[in-house]
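For reference, the structure is listed below as structure tokens.
Computed from the coordinates by the stated procedures, all read-outs in this text should not be read as laboratory data. Given the structure is predicted, the values throughout are model-derived calculations rather than measurements. Every residue, glycine as well, gets a Cβ built from its backbone with ideal geometry; the counts of neighbours run over all protein chains shown.
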């Protein structure tokens, strides 16, 4: 009986060690995947921000070209609207990126618990 109990304890220790190794391996893979996903999302946000800035600059250029034919108040209003639109897009992109990163950190925290 003692041999059986000893063998059972050794098997239990072995299985617990294997389980711990699997957990560490999975956590490492999950961390790598989350890191890659965050990098990809960040790159897309940066690309979106660049496109928004390019769009703003082109719009501003067109508005400035029409400055001579527009009343001053209309010209100023169009520039302000374009600036607000750009700020809104940049803020939305930042908010989405922050939310995504927060969600990924929560995922990792859940796994670590």
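What is the angle, in °, between the Cα long axis of helix 2-65 and the longest principal axis of the Cα atoms in the chain? Nearest 10 is fine, range 0 to 90. That helix lies at roughly 0 degrees to the long axis. Among 29, 44, the order by Cβ neighbours within 10 angstrom, fewest to most, reads 29, 44. Shown here: Rg and Dmax of the Cα atoms in Å, derived from the displayed model; of the candidates [x] 27.9, 101; [y] 19.9, 68; [z] 19.1, 59, it corresponds to [x].
Ranking of 68, 32 by neighbouring Cβ atoms within 10 Å, starting from the fewest: 68, 32. Give the angle, between 0 and 90 degrees and rounded to the nearest 10, that separates the Cα long axis of helix 72-112 from the longest principal axis of the Cα atoms of the chain. Its long axis makes an angle of about 0 degrees.
In terms of surrounding Cβ atoms within a 10 Å radius of their Cβ, 110, 38 rank from fewest to most as 110, 38. Dividing the helix sum by the residues of the chain, where each DSSP H run of 4 or more adds -39500 (n - 2.57), gives a mean residue ellipticity at 222 nm of -35000 deg cm²/dmol.
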